[in-house]
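The structure appears right after this line, and notes come after that.
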Amino acid sequence: DIQMTQSPSTLSASVGDRVTITCRASQSISRWLAWYQQRPGKAPKLLIYDASTLEVGVPSRFSGSGSGTEFTLTISSLQPDDFATYYCQQYISYSPTFGQGTKVEIK
Amino acid sequence: QVQLHESGPGLVKPSETLSLTCTVSGGSISSYSWSWIRQPPGKRLEWMGLISYSGNTNYNPSLKTRVTISADMSKNQFSLRLTSVAAADRAVYYCARAITGGPSLYFDSWGQGTLVTVSS
C-alpha cells in the first residue's frame with residue numbers, strides 16, 4: 001500500500017488567512033492525487049483532482065500543486081465555510097489510499 | 001445531478017454479514033464505476049472496492065477475502081457485502097461514484113453515509 005501522510009494534523013487559522021496543507025506519499029505517485037473537504041457529519045466533497053485541477057463549482061481560492069511525493073492544498077483566503085477536515089487521496093495504484101486528514105479550526 | 005443514497009441495517013452482530021445498498025438517481029449506473037468507502041469514527045477514509053460500468057470488480061487487498069460488490073442495473077443500485085464482521089468494522093459506510101480512466105480513480109459524488117455498528 002502507498003501511505004499518505006498529511007501535515008499538520010490540525011491547523012488553527014482566521015478568516016482571511018492563507019492556509020497550506022501538505023500531503024506526502026510513501027512513493028512517487030506522479031500527479032495522481034485528489035483533495036477532499038469534509039464538514040462534520042457530512043460526506044467528503046471533491047475539490048481537486050490530478051493534483052491541480054479544480055473540480056467544477058469549487059471556488060478559485062482553492063488550489064493544488066505538487067508531483068512525485070509532495071503535494072500542497074492552498075486556500076488563498078479562508079472563508080467561514082472552509083472550516084472543515086481535508087483529505088488527500090492517491091490513485092496511482094488501483095488501490096487508492098487516503099491521508100489521515102487535516103482539520104482546519106477557527107483560531 | 002447524480003444523487004446516491006445508502007440503505008441497510010445500522011446494527012450487525014459479530015461474525016455476521018453486513019449488507020448495504022446504494023440507490024443512484026439522476027444517472028445510470030451503467031455509465032460509470034462505483035465504489036464503497038468507509039470511515040471508522042475519527043479515522044481516515046478507507047476504500048473498500050469498486051464495480052465498473054461493465055461489471056468488473058476490484059477490491060482493497062486488505063478486505064478482499066470478505067468483500068463483494070455487485071450491481072442491479074434494473075434497479076439502478078449497487079450493493080456491498082462484508083462477511084465475518086467484527087468491532088473494527090464499525091464505521092460510516094459511503095457509496096460513491098468513481099471517476100476512472102487511465103490511472104484515475106477518484107470520487108466525485110458521494111452518498112450521505114450510513115453508520116453501521118457491530119454489536120451483539
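For the protein assembly as shown, DSSP calls about 90 percent of its internal beta bridges antiparallel. In straight-distance terms, cross-link reach from residue A:107 covers every one of the lysines whose alpha-carbon lies under 18 Å from its own, apart from those fewer than eight places away in the same chain; here that gives an empty set. Taking only the Cα atoms of the stretch B:4-120, the radius of gyration and Dmax are 13.4, 44 Å.
The numbers here are math on the coordinates, done by the rules we state, and not lab data. Just so it is clear, the model here is predicted, and its values are computed rather than measured.
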